[in-house]
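The values are calculated or read from the model by the stated rules, or taken from the named source; none is laboratory data. Fair warning: this is a prediction, and the values are worked out from it, not measured in the lab. So basically every Cβ, Gly included, is an ideal-geometry build from the backbone, and we count neighbours across all protein chains shown.
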Amino acid sequence: MNYHQPIDENYCDPEVRPLMEQECSLAACPPAHSHFPSSAVQPSYYLSTNLPLTHKLEDDENQVVHPSVRGNQWRTGPWGSCSSSCSGGLQRRAVVCQDENGQSASYCDATSKPPELQHCGPGPCPQWNYGNWGECSQTCGGGIKSRLVICQFPNGQILEDHNCEIVNKPPTVIQCHMHACPADVSWHQEPWTSV
């Protein structure tokens, strides 16, 4: 049995389902004259970098400046591995809004949120390349013929098979001359004749 895994809600009793929403009372928001309600809440700026979320941010010339509100800031984790070694891959990182103490916060300026996804693996993907079929090993009765199939980049660089989509690999061997051989074929000797 697989515990702590989501399953279809049809398997659960709807009578005992916990509430998904709950009413709450919050103080009314102050009147807003611009995107930021008062001068006390004008955006400040902080430096962010691709560090694990447990690291404090420090000054560095390679860091990117993002606005924050009320001391809340976007924090980014390191980029994950690329989903593909060639074109069309994506990599993801954690981007969270935190307050000055590193606790989860509910509001950061959405317009300055760093990207969570980026394209990666810009090079071309390797493809299967194959040669011509060789001669059949038999003239009748079922033989085989083979050809060379290799995984390679468009520039001709040859790679190990696991670098190409193995399920799309063209066949390297096929059957040939499947027709039956003539039966009872042998030499027959006649008596000598004079010339």
Would you point out the residue of the range 60-77, among those that are touching a Leu at 6+ places or on another chain (Cβ under 7 Å) and modelled with pLDDT of 85 or more, that is nearest to F153 (Cα to Cα)?
G77
When residues of the range 109-142 are limited to those that are at pLDDT 95 or above and in a strand (DSSP E or B), the one farthest from G77 (Cα to Cα):
Y130
Name every residue in the range 112-136 that is under 14 Å from V173 (Cα atoms) and either touching a residue at least 12 places away in the same chain (Cβ under 8 Å) or among the aromatic types (F, W, Y) (or both), in order of residue number.
Y130, G131, N132, W133, G134, C136
